[in-house]
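Notes follow the structure.
The values are calculated or read from the model by the stated rules, or taken from the named source; none is laboratory data. Everything quoted here is computed from the prediction, not taken from an experiment. Methodologically, a virtual Cβ is constructed for each residue, glycine included, from the backbone with ideal geometry; neighbour enumeration extends over all protein chains shown. In case anyone asks, the SASA skips ligands and DNA or RNA and just uses the protein heavy atoms, side chains included. Shrake-Rupley method; radii C 1.70, N 1.55, O 1.52, S 1.80 Å.
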Amino acid sequence: STRISGVAVTTSVARGEITLDVEAIALSTDEVYQLSARITGGKGVVEAYASEASPHADGRLSITHAWRPDKLWDTHTPENTYEVEVSLLNASGDVIDTWPPVRFGFREFVIDGPDFVLNGKRVHLFAVPLDNAQISAAAATYDGARETLTRLQSWGVNAVYTHNYGCQPGT
């Protein structure tokens, strides 16, 4: 039977839009579907919309909607998140399937030449390796990692990376 098997959310601060990319199983390429979205924030529903969507050859549907939320997600406001609940409807408007809410932050991160840009503002990243898993089992626990991250944050570190790849330029 036709059903949703995944939802991806892409946001653009520069264009003021949200795109929902929905993967579905057993879509008929002869039918036109609708996608309905209900976005909730701290005070309930903040945006709701529906749009016609025709299946792509790979079994996906996507819709883009113009929206500029009141709150953007960034490194200083990680609590600024929303949830979107997506429903797949047939051409008559009957609900076929609904995907559980997906949590997201409305933000846009781009690399512009040598600059990192978050929500239209240049940001500076101070990154260091996170070595807890290599140090000890105790350091690799949730409490151990939290203590390390809190200490690094107090020093101004705002990004970490792990050693699951080479660190030479170009790798």
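Some points to look at:
- Sum of -39500 (n - 2.57) over DSSP H runs of 4+, divided by residues of the chain (222 nm, nearest 500): -2500 deg cm²/dmol
- 0 to 90° range, to nearest 10: angle between helix 142-154 axis and the chain longest Cα axis: 70 degrees
- Listed candidates (i) 1.04; (ii) 1.01; (iii) 1.07 - label of the one calculated as Rg/Rh (Cα atoms, Kirkwood Rh): (iii)
- The label point for SER1 and the one for THR98, both projected 7 Å from the Cα toward the Cβ, are 1.5 nm apart.
- Using a Förster distance of 41 Å, the FRET efficiency for TRP67-ILE135 (Cβ separation, nearest 0.05): 0.40
- Legend: calculated FRET efficiency, HIS56 to ILE111, from the Cβ-Cβ distance at R0 = 45 Å, rounded to 0.05, equals 0.95.
- Near SER51: Cβ cut-off under 14 Å, other residues only, Lys/Arg at +1 and Asp/Glu at -1. The net charge is -3.
- FRET efficiency for ILE25 and HIS163, using Cβ-Cβ distance with R0 set to 35 Å, rounded to 0.05: 0.40
- Here the stretch 26-166 has 51 percent of its accessible surface on carbon and sulfur atoms, given a 1.4 Å probe and all protein chains in place.
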